[in-house]
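So the structure is just underneath, and the comments pick up after that.
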Ligand code: NAD
Ligand code: MG
């Protein structure tokens with residue numbers, strides 16, 4: 001049997017390790033030919049996974065850690081590489097299935113490179129679509145790469161659309177847990193700390209996406225992600241707060257019918273769907289017990305406490321480069337929040353200021369104009385913070 005060639009970009013993160021867990025359980029190196037695994041700071045974790053899965057190459061994004069990676073891989077057949085160019089080369093290595101799970105805009109260039117490969121691109125790195133949606137879709141179309149969502153909401157929408165016609169979609173309803181501050185007043189949200197923001201009630205995720213969930217910037221990114229993935233108009237995309245995170249999202253059709261996809265809050269559901277598509281083998285996720293749950297709650301989101309949602313609407317209307325600015329400004333504002341120099345609610349003010357200050361209407365022509373706009377938004381926000 002020919003083994004499926006697999007690469008995991010961001011293999012040491014929350015999505016990365018969940019992906020590796022599924023690969024291990026499905027037979028690991030016996031079943032898959034693992035091409036590239038990439039990470040950044042967690043060298044021990046990267047090397048351990050690369051040895052176990054007999055990867056061809058392991059790459060750390062940090063050039064200063066090449067020596068450590070070489071040491072950690074000594075005596076194995078795994079090639080050690082480091083730095084941004086090596087990361088792009090690893091993404092360009094031919095693979096049948098690539099998981100894009102680097103966090104933030106740092107994932108954009110490697111994701112674009114993987115999109116040029118053909119095969120299947122499983123996308124957890126939503127920032128790629130937010131920053132360069134049109135470019136990424138065009139690249140996938142050009143290279144005949146199948147783009148599959150690995151974000152739980154978008155996997156849900158994708159699953160609801162299976163066998164349906166896009167032209168008969170009236171609306172999509174993206175659910176949001178509401179994060180740890182769902183029931184806080186605006187006043188209470190003013191003084192929350194990074195530690196409080198990182199403690200998500202339902203999902204176990206990386207630091208950045210946990211904070212984004214608390215501010216609902218994660219949902220803002222997901223609205224934009226949905227627009228590109230499913231070719232939707234802004235007015236067709238809704239957000240609904242659903243505290244149990246069981247309904248992962250819903251699709252409403254022109255006849256008033258609604259399809260919902262449900263499952264436990266475990267990313268291995270969405271990742272496994274993308275890994276096995278179109279099959280549905282047994283996955284190691286808990287089964288939902290509705291009698292135990294008893295209720296599923298739904299509520300409208302509050303744009304006063306979660307201004308990120310208003311900013312997303314603005315970006316959906318403006319298009320292309322506005323998404324780049326929103327994401328870059330949000331990442332810089334978050335660094336400020338983590339350094340305790342920016343208040344929790346001020347993150348949205350900084351993003352809004354960047355959208356006001358930078359000319360970002362229209363779609364970008366190429367990746368370098370995206371990266372330029374990303375840099376401009378970052379320096380704008382950094383100036384505001386200092
Ligand atoms: P994480 O912080 O746990 O892991 C990030 C990965 O990216 C790690 O492997 C890290 O080594 C690597 N990395 C960090 N900085 C890098 C850089 N500058 N260059 C190259 N690699 C770098 O993040 P995560 O929670 O796994 O999220 C990854 C992506 O998946 C994000 O785009 C996130 O929005 C998306 N996502 C995550 C979840 C979740 O449940 N965690 C759900 C949906 C979508
Ligand atoms: Mg999500």
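The values are calculated or read from the model by the stated rules, or taken from the named source; none is laboratory data. Worth saying up front: this structure is predicted, and the values here are computed from it rather than measured. Glycine gets a Cβ as well: all are built from the backbone with ideal geometry, and neighbour counts include every protein chain shown.
Condition first: within 15 Å of residue 87 (Cα to Cα) and touching a strand residue (DSSP E or B) at 6+ places or on another chain (Cβ under 9 Å). Can you find one or more residues in the range 20-31 that meet it? If you could, list the steps in order and put the result at the bottom.
Kept after step one, since they are within 15 Å of residue 87 (Cα to Cα), are these residues of the range 20-31: none.
Within the range 20-31, not a single residue is within 15 Å of residue 87 (Cα to Cα) and touching a strand residue (DSSP E or B) at 6+ places or on another chain (Cβ under 9 Å).
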Q) Among 297, 282, 304, which is over 22 Å from the mean Cα position of the chain (by Cα), under 30 Å from residue 95 (Cβ atoms) and surrounded by fewer than 16 Cβ atoms within 10 Å (Cβ to Cβ)? A) 282
(Q) Please go through the range 164-182 and give me each residue that is part of a strand (DSSP E or B) and away from ligand 2 (no atom under 16 Å from the Cβ), ordered by number. (A) 169, 170, 171
Q: Hand me the list of strands (runs of 3 or more DSSP E) wholly inside the range 47-163 holding 2 or more residues that are within 16 Å of ligand 2 (Cβ to nearest atom) and buried (at least 24 other Cβ atoms within 10 Å of the Cβ).
A: 97-100, 120-123
Q: Could you check, for the range 362-384, whether at least one of its residues is surrounded by fewer than 18 Cβ atoms within 10 Å (Cβ to Cβ) and within 21 Å of residue 176 (Cβ to Cβ)?
A: no
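Residues checked against (1) within 16 Å of ligand 1 (Cβ to nearest atom); (2) assigned by TED's automatic domain parsing to the domain that holds residue 241; (3) on the phi > 0 side of the Ramachandran plot:
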| position | (1), (2), (3) |
| --- | --- |
| 94 | no, no, no |
| 113 | yes, no, no |
| 126 | yes, no, no |
| 138 | no, no, no |
| 158 | yes, no, no |
| 167 | no, yes, no |
Q: Of the numbered conditions (1) without any contact (Cβ under 8 Å) to a residue 60 or more places away in the chain; (2) within 16 Å of ligand 1 (Cβ to nearest atom); (3) in a loop (DSSP other than H, G, I, E, B), residue 17 fails exactly one; give the number of that condition.
A: (3)
